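To start, the structure under review is shown below, and the notes come after it.
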């Protein structure tokens with residue numbers, strides 16, 4: 001029994017680390033990509049980095065707009081033996097009162113990332 005609770009607590013910890021890294025990637029990647037464009041760093045301007053960031057962003061936007069539960073939060077809740085999704089759901093419900101603002105924020109974020117992808121592709125094509 002003790003081993004099960006320790007392994008469950010460790011898995012919850014790992015899920016929180018993975019979740020935190022996912023959020024950090026969503027937040028930090030655009031700045032790193034633009035820094036790579038400015039410094040002509042080929043690793044930070046790799047098209048796959050920008051495409052992966054865009055795919056993750058679209059997933060989060062769809063998840064928020066269609067009220068899908070976060071798979072990582074659901075797994076964490078299951079392992080912890082609790083119900084509910086996450087604290088982020090409360091923020092989502094508060095944003096549901098302003099759907100036009102939510103759509104505008106997400107559309108802007110996607111547009112900025114598409115522009116970034118276009119800029120990255122222009123930089124990488126120019127390298128020859």
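The values are calculated or read from the model by the stated rules, or taken from the named source; none is laboratory data. These numbers were taken from a predicted model, which means no experiment stands behind them. Heads up, the Cβs are rebuilt from the backbone with ideal geometry, glycines too, and the neighbour counts pull from every protein chain shown.
Couple of notes before you dig in:
- Just one of (1) modelled with pLDDT of 80 or more; (2) surrounded by 15 or more Cβ atoms within 10 Å (Cβ to Cβ); (3) within 20 Å of the chain's Cα centre (by Cα) fails for residue 37. It is (3).
- Residue in the stretch 50-60 that is at pLDDT below 85, more than 11 Å from the chain's Cα centre (by Cα), assigned to a helix (DSSP H, G or I) and under 23 Å from residue 121 (Cβ atoms) present: yes
- Test for residue 121: is it modelled with pLDDT under 70 and either surrounded by 12 or more Cβ atoms within 10 Å (Cβ to Cβ) or over 17 Å from residue 19 (Cα atoms) (or both): no
- In the stretch 1-27, the residues that are surrounded by 14 or more Cβ atoms within 10 Å (Cβ to Cβ) form Cβ pairs under 6 Å with partners that are at pLDDT 85 or above, at six or more places apart or across chains, as follows: 26/56.
- So residue 64, is it under 24 Å from residue 107 (Cβ atoms), part of a helix (DSSP H, G or I) and modelled with pLDDT under 85: yes
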